[in-house]
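A.B. asks: Here it is: the structure, laid out below.
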Amino acid sequence: MQKKSIKRWIQWGLILYGLTGIAIFYLQDYFFFQRVPLTTEYRYEFGVPYNEVNLTFNKLSNINIIQFPSTGSTDRGVVLYFHGNRKNISWYARHAPAMTKAGFEVWMIDYPGYGKSTGKLEEEVLYAYALQMYKLARKKFAPDSIILYGRSMGTGIAAHLASHQPAKRLILETPYYSFASVGAHFFPIYPMERMINIKLSTYEYLPDVHMPVSIFHGTNDWIIPYNNSKRLQPLLKKNDEFITIKGAGHNNLNEYPLFQRKLDSLLRL
């Protein structure tokens, strides 16, 4: 009788494991990409001046970019900002003033399905959209006036771009070793490397980044664990930086004086 009970529990466990795995695979877009689309007629209300640019990627895809002008006394260049997985540019625009006051324009791009950007959300498309914004920036700025900035999901995209194109600096805020490794943290009993469609393998790109790299990460980050980001440190060059913000979580690094001071000093180099 006891053997039958154990066998039954094993069977139910296997069924639950299988159903959960199927749910992760088919709902991964919902889990990892919390997109909020906007109509083309939507008007942003940032409270600061901005310029909106729409690039045609192909017949079915549009790339939406918001450009915030510099408010500093000296024009230093442009920060190409690749945001996280939530909502759209309107959620991240509040981070622009920290960079515009240092003399940089800040250009933010929305990914396919985010905001007014359209198209299919695929890894190669993310990289291609990033490259289009970079090419647009190169029409106005030299590489030594371009900073690539990735936040959360956007860190893998920024790192990929930095491994292929020249720029002044790469700044990564709350990065991950790879998207699959973050999935494995939350679902450790599943082969996430094979299950996740979009890999965003930051660890593959950093060795090919030849510009200075600065990484920021908080010790209380429960979305992308600090230890996951820490795995990137051995891949950094001699003069690159891994800056630990003690007590900071995933979304509040900008509230910590160390982050504010260090970011400001990097922007003014």
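Every read-out reported here was derived from the displayed coordinates using simple, explicitly stated rules and does not represent laboratory data. Here the structure is a predicted model, which is why all the values come from computation and not from measurement. Cβ atoms come from the backbone with ideal geometry, glycine included; neighbour counts cover every protein chain shown.
A.B. asks: State all residues of segment 162-175 that are more than 9 Å from the chain's Cα centre (by Cα) and either part of a loop (DSSP other than H, G, I, E, B) or buried (at least 23 other Cβ atoms within 10 Å of the Cβ) (or both); if no residue qualifies, say none.
C.D. replies: Answer for segment 162-175, where residues must be more than 9 Å from the chain's Cα centre (by Cα) and either part of a loop (DSSP other than H, G, I, E, B) or buried (at least 23 other Cβ atoms within 10 Å of the Cβ) (or both): ALA162, SER163, HIS164, GLN165, PRO166, ALA167, LYS168, LEU170, ILE171.
A.B. asks: Shifting gears a bit: Since SER181 meets every condition but one in (1) in a helix (DSSP H, G or I); (2) closer than 15 Å to LEU206 by Cα; (3) hydroxyl-bearing (Ser, Thr, Tyr), which condition does it not meet?
C.D. replies: Unmet for SER181, out of (1) in a helix (DSSP H, G or I); (2) closer than 15 Å to LEU206 by Cα; (3) hydroxyl-bearing (Ser, Thr, Tyr): (2).
A.B. asks: Follow-up question, since we're still on this one. Any idea which residue in segment 106-158 is nearest to LYS87 (Cα to Cα), counting only those that are charged (D, E, K, R) and in contact with a Lys or Arg (Cβ under 9 Å, 6 or more places away or on another chain)?
C.D. replies: Here the answer is ASP110.
A.B. asks: Can I ask one more? Can you tell me which residues in segment 53-87 are over 20 Å from ALA159 (Cα atoms) and buried (at least 20 other Cβ atoms within 10 Å of the Cβ)?
C.D. replies: Correct list: ASN64, ILE66, PHE68.
A.B. asks: Which residue out of SER145, SER181 is of a type in the set (Gly, Ala, Ser) and touching a residue at least 60 places away in the same chain (Cβ under 8 Å)? If you could, list the steps in order and put the result at the bottom.
C.D. replies: On the way: SER181 fails: touching a residue at least 60 places away in the same chain (Cβ under 8 Å).
Exactly one residue qualifies, and that residue is SER145.
A.B. asks: So, one more: Give the number of residues within segment 198-219 that are in contact with a helix residue (DSSP H, G or I) (Cβ under 8 Å, 6 or more places away or on another chain) and in a loop (DSSP other than H, G, I, E, B).
C.D. replies: 7
A.B. asks: Among the residues of segment 37-93, write down those that are touching a residue at least 12 places away in the same chain (Cβ under 8 Å), part of a strand (DSSP E or B) and over 20 Å from the mean Cα position of the chain (by Cα).
C.D. replies: Selection gives ASN51, GLU52, VAL53, ASN54, LEU55, PHE57, ASN58, SER61, GLY77.
A.B. asks: With buried (at least 16 other Cβ atoms within 10 Å of the Cβ), in contact with a strand residue (DSSP E or B) (Cβ under 8 Å, 6 or more places away or on another chain) and outside any strand (DSSP E or B) as the only criterion, which of ALA130, ALA98, ALA102 stands out?
C.D. replies: Checking each option against the conditions leaves just ALA130.
A.B. asks: Can you name the condition, by its number, that LYS238 falls short on among (1) closer than 21 Å to ASP144 by Cβ; (2) basic (Lys, Arg); (3) surrounded by 14 or more Cβ atoms within 10 Å (Cβ to Cβ)?
C.D. replies: (3)
A.B. asks: Within segment 229-264, can you find the residues that are assigned to a helix (DSSP H, G or I) and either in contact (Cβ under 8 Å) with a residue 60 or more places away in the chain or touching a Lys or Arg at 6+ places or on another chain (Cβ under 7 Å) (or both)?
C.D. replies: Within segment 229-264, LEU253, ASN254, GLN260, LEU263, ASP264 meet the criteria.
A.B. asks: What's the total number of residues in segment 212-229 that are over 25 Å from VAL78 (Cβ atoms) and surrounded by 15 or more Cβ atoms within 10 Å (Cβ to Cβ)?
C.D. replies: Going residue by residue through segment 212-229, those that are over 25 Å from VAL78 (Cβ atoms) are 218-229.
Then keep just the ones that are surrounded by 15 or more Cβ atoms within 10 Å (Cβ to Cβ); that gives 218, 221, 223-226, 228-229.
Counting residues in segment 212-229 that are over 25 Å from VAL78 (Cβ atoms) and surrounded by 15 or more Cβ atoms within 10 Å (Cβ to Cβ) gives 8.
A.B. asks: Quick one: is GLY218 under 16 Å from the mean Cα position of the chain (by Cα) and farther than 16 Å from GLY150 by Cα?
C.D. replies: no
A.B. asks: Now a separate question. Just the residues that are on the phi < 0 side of the Ramachandran plot and within 9 Å of the chain's Cα centre (by Cα), please, taken from segment 126-158.
C.D. replies: Result: TYR149, GLY150, ARG151, MET153, GLY154, THR155, GLY156, ILE157, ALA158.
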